[in-house]
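J.: Here's a structure for you.
Nothing in this text is a laboratory measurement; each read-out follows from the coordinates by a stated rule. A quick note: this is a predicted structure, and the numbers were derived from the prediction, not measured. Note that we place each Cβ from the backbone using ideal geometry, even for glycine, and neighbour counts take in every protein chain shown.
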2 protein chains.
Amino acid sequence: MGVERTIYIGPFIHSKSLSELDICPNGAIAVDEYGKIRFVSRDIKDGQVSVDGGWEKAKVVKTPKNGFFFPGFIDTHIHASQYPNAGIFGKSTLLDWLNTYTFPLEGSFHDIQKASRIYNRVVARTLSHGTTTACYFATNHVPATNLLADICQTRGQRAFVGRVCMDRMSPDYYRDASVSDAITSTRQCIDHIQRIDPEASLIIPIITPRFAPSCTHDLLLHLGNLHKETHLPIQTHISENHSEIQLVADLFPNSKHYTDVYDATGLLTPRTILAHAVHLTPDERRLIKSRRAKISHCPASNTAITSGTAKVRTMLDEGLTVGLGTDVSGGHTPSILAECREALYVSRHVAMTEGDAAKLSPEEALYLATRGGAAVVGLEERIGGFEVGMEWDAQMVSLGAGVGDGGELEPGEGLVEVFGGESWEERVHKWVYTGDDRNTVAVWVRGRLVHSREGWND
Amino acid sequence: MGVERTIYIGPFIHSKSLSELDICPNGAIAVDEYGKIRFVSRDIKDGQVSVDGGWEKAKVVKTPKNGFFFPGFIDTHIHASQYPNAGIFGKSTLLDWLNTYTFPLEGSFHDIQKASRIYNRVVARTLSHGTTTACYFATNHVPATNLLADICQTRGQRAFVGRVCMDRMSPDYYRDASVSDAITSTRQCIDHIQRIDPEASLIIPIITPRFAPSCTHDLLLHLGNLHKETHLPIQTHISENHSEIQLVADLFPNSKHYTDVYDATGLLTPRTILAHAVHLTPDERRLIKSRRAKISHCPASNTAITSGTAKVRTMLDEGLTVGLGTDVSGGHTPSILAECREALYVSRHVAMTEGDAAKLSPEEALYLATRGGAAVVGLEERIGGFEVGMEWDAQMVSLGAGVGDGGELEPGEGLVEVFGGESWEERVHKWVYTGDDRNTVAVWVRGRLVHSREGWND
């Protein structure tokens, strides 16, 4: 699918390293008809870029005042099917939360009209928050899972779509009848996605055992074999809550620990995304690192359902690859920008007991939200930054026109307050701490405009 | 100032007790020309209320679909002058944060034009978040502090406005030159406010020693005497951070503890608002309770600058009076709705170490934001709920038209997702966890419309 050659002119910001942003106030980025970045100019004059080689006729998109281009966000863990429950969890913790809120909702996705309404909304909403790539848990229903893949493709969101496998410890109305049923159904979803996107340019199937407690050893083993056969990525949960960890120990008495359950069944691989990782032991972290498996940090969820505080600084220091996940609806928000804030705040709660080094900076949170997430999903060569050859998965952020002399609010404006005189770094911090979807005025995936707000390009 | 007699028709929700909301789906509330609630109907039919006694001609305001009336929020602790720094604090903690970010900004409020722009913005913005009452720390500048009072009155926000007193441990450019200077300046602000609002119907002066470390014993003593003379309320900080507590111990070697510093100087009274109270000892809590002083809980700030986690459940169980404070700009948000979310999350971090009983519910957070705050500021007979005789400080909340079949987003709509079938309780939870200022479509103080969003009354 070709897009119009476009030159994006204005400030652009992306991560240079974990702790440092590359802020380029006078940039221009040229994106070709394949959605790939062809050249990057770092110091153009007066907003004009001189081009040749057929780029003279390219479309031009410019940022507004207090605007900048930023890589699209990567949500490495989100349950699309749980979206209607966002904000509803009472005082539950993981295991009762599943039974009270989650299984009844997920189990209803045999209703394809309901699935269509919810999945369309999730994809529209996450795009509006600047999420250009999402790792979705769907449900165990094949038609609804395939529909989610279709919707992502139609709306243009890059996505990993997983049919959830679970053959025990789930209600009768929502469980795979057998291992072979689970594998057959999973293959049907893989086949569908590979049919609609044979080159995996946008939508990628992902092998999805819900988590160890709801899968028999036999099912895990078959899913591990499926990975060996297909080389497809894997996503699951790990070490979220103490009761769950005890349950895994009870259910898998021959395993050394939770991580070993996945390792022993061929599911701990460089393409594995492990959500939560709140209570991992040093031994488990070493094993995860040696297998080059990846971590999805879900701070809002970990706080909301009182799972605990993941030790992100420790994991980063040890060389693990970490991204952010909203974990809707354990987490209340489908916004990765909001999740950055949650990551910053959870890191401060860790710092209260473990010392100041645990604190994350806004720059680090944004790294996790972009480059980190890209590495978690194995696409670090293609997305998460603005290098030549990478794909244009990006958002245009506008911090508004600034506060006027009279202090009046303008209709429709967002919450970020630019009083003038803030450095670029401070403006980025304000965006992270006080921004929301109103600041994400346009979103592109592979060069295609997939979301915009009214008046974004006036 | 008279307002038009109005009958507010639609669902209304307010706190019945700490843990219970009174949800009235078919209500009508009549507000007279003094902004007082004259009658409340709990079960009207078809949105029609039959009235007599001159109410036939009253104006009618109805809620939209998925709308309800809710008491205005009370922010018991906000530094109006720090607003431009919201979201900017790096990895600092209290004492370095003051020197790096706060004093330079506050010290600049000799510039009255700057003060005007910032204070107008703060009042407009907090009103837009549904804050009908705010306890403001201004700066030590008399003209700027008086201007803040003027702005609150003009814009119609109920406010406690305090000139900040500090005669040591502050930079040369921003410090009261002497105790008598501090008292004289404070009296000038009190006089001004009592001149513009002689009946204290909206704006009330508040005695404001910044916090013990920046006040000499002599200054505290004089401010205590000023309270004895004027009976005006008092606001200050207490026990926010370990270094600060140690500093107080060093500066006041004859005091038993931090709380005793205020008690010994006549500042621990039933009209005293103590912000933070993160690390209070049981002995201090007993003393605070016996003096009937009040607590402003500021969870966002306590997390952001890594002060610690206030033990709200303990304080409530012991019978202390607690409200919420945004503590801008230690806290990143001027929204009490967002602060409810922060309170819920901080309570979960407390629960991780102290057990599940520490968890707050959305109902409890909303109580703290309304009735609790009203009690903290001593106005529990007048605001915070919808009883006959109370004043109409209220917001109209709209959760939007609901998610359509196609899942499309509508321009301008907020983030709360009503899929249909949610109970009222669940809708309220969604508002608390996912709502923002877009859901607060109109705001009244004493019956006067002080904020509305475009199209709120279509």
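J.: Could you pull out every residue, at least 5 positions away or on a different chain, whose amide H is within less than 5 Å of the one on A:Val418? Hs are placed 1.01 Å off N in the peptide plane, and Pro or chain starts have none.
T.: Those qualifying (amide H under 5 Å, at least 5 residues apart or on another chain) are A:Gly402, A:Val403.
J.: Does the protein assembly as shown come out rounded, prolate or oblate, given a ≥ b ≥ c as the square roots of the eigenvalues of its C-alpha gyration tensor, rounded meaning a/c under 1.5 and, failing that, prolate meaning a/b above b/c?
T.: Here the protein assembly as shown falls in the prolate category.
J.: Distances in nm, one decimal, shortest first, from A:Asp317 to the same residue in every other copy, taking the label point 7 angstrom along Cα→Cβ.
T.: 3.4
J.: Expressed as an acute angle from 0 to 90° and rounded to the nearest 10, what is the orientation of the C-alpha long axis of helix B:217-230 relative to the principal long axis of chain B?
T.: It works out to around 40 degrees.
J.: Additional query: List the residues whose amide H sits under 5 Å from the amide H of A:His77, counting only those 5 or more places along or on another chain, with H placed 1.01 Å from N in the peptide plane.
T.: Amide H to amide H, under 5 Å and 5 or more residues apart or across chains, A:His77 pairs with A:Cys135, A:Thr326, A:Asp327.
J.: If Lys and Arg each add +1 and Asp and Glu each add -1, what is the summed charge of the other residues whose beta carbon sits under 14 Å from the beta carbon of A:Val328?
T.: Result for the local shell: -3.
J.: Then there is this: At 7 angstrom along the Cα-to-beta-carbon line, where would the label on B:Glu56 sit relative to the other copies? Give the distances in nm, shortest first.
T.: Values, ascending and in nm: 7.9.
J.: Please work out the Cα convex hull volume for segment B:329-431 and give it in Å³ per residue.
T.: Spread over its residues, the Cα hull of segment B:329-431 gives 170 Å³ apiece.
J.: Classify segment B:168-295 as rounded, prolate or oblate, taking a ≥ b ≥ c as the square roots of the eigenvalues of its Cα gyration tensor: rounded when a/c is under 1.5, otherwise prolate if a/b is larger than b/c and oblate if not.
T.: Oblate, since a/c reaches 1.5 and b/c is not below a/b.
J.: Relative to the first principal axis of the alpha-carbon coordinates of chain B, what is the inclination of helix B:336-354, with its axis defined by its Cα atoms, in degrees from 0 to 90 and to the nearest 10?
T.: 70 degrees
J.: Among DSSP beta bridges lying fully in the protein assembly as shown, give the percent that are antiparallel, nearest 5.
T.: Beta bridges within the protein assembly as shown, antiparallel portion: roughly 45 percent.
J.: Hey, another quick one. Rounded to the nearest 10 degrees, what's the angle between the helix B:112-128 long axis and the longest principal axis of chain B, both from Cα atoms, 0 to 90?
T.: 40 degrees
J.: Let me ask something else. Taking the rotation axis that maps chain A onto chain B, which residue of A brings its Cβ closest to that axis, and at what distance in whole Å?
T.: Its Cβ sits closest to the axis: A:His349, 2.
J.: Another one. If you average the C-alpha positions of segment B:1-79 and of segment B:234-276 separately, how far apart do those two centres end up, in angstrom?
T.: If you average the Cα positions of each part, the centres end up 40 Å apart.
J.: Which of the trypsin sites (Lys or Arg not before Pro) found in segment B:77-178 are in a DSSP loop and have at most 14 neighbouring Cβ atoms, other than their own, within 10 Å?
T.: B:Arg168
J.: So if I average 1/r over every pair of distinct C-alpha atoms in segment B:73-377 and take the inverse, what Kirkwood radius in Å does that give?
T.: So the Kirkwood estimate lands at 18.8 Å.
J.: I need the inter-copy label distances for A:Glu4: point set 7 Å along Cα to C-beta, values in nm with one decimal, smallest first.
T.: 4.7
J.: Taking a 24 Å limit on the Cα-Cα distance, which of the listed pairs B:Lys289/B:Lys311; B:Lys36/B:Lys62; A:Lys91/A:Lys256; A:Lys45/A:Lys65; B:Lys256/B:Lys311; B:Lys256/B:Lys294 fall beyond it?
T.: A:Lys91/A:Lys256
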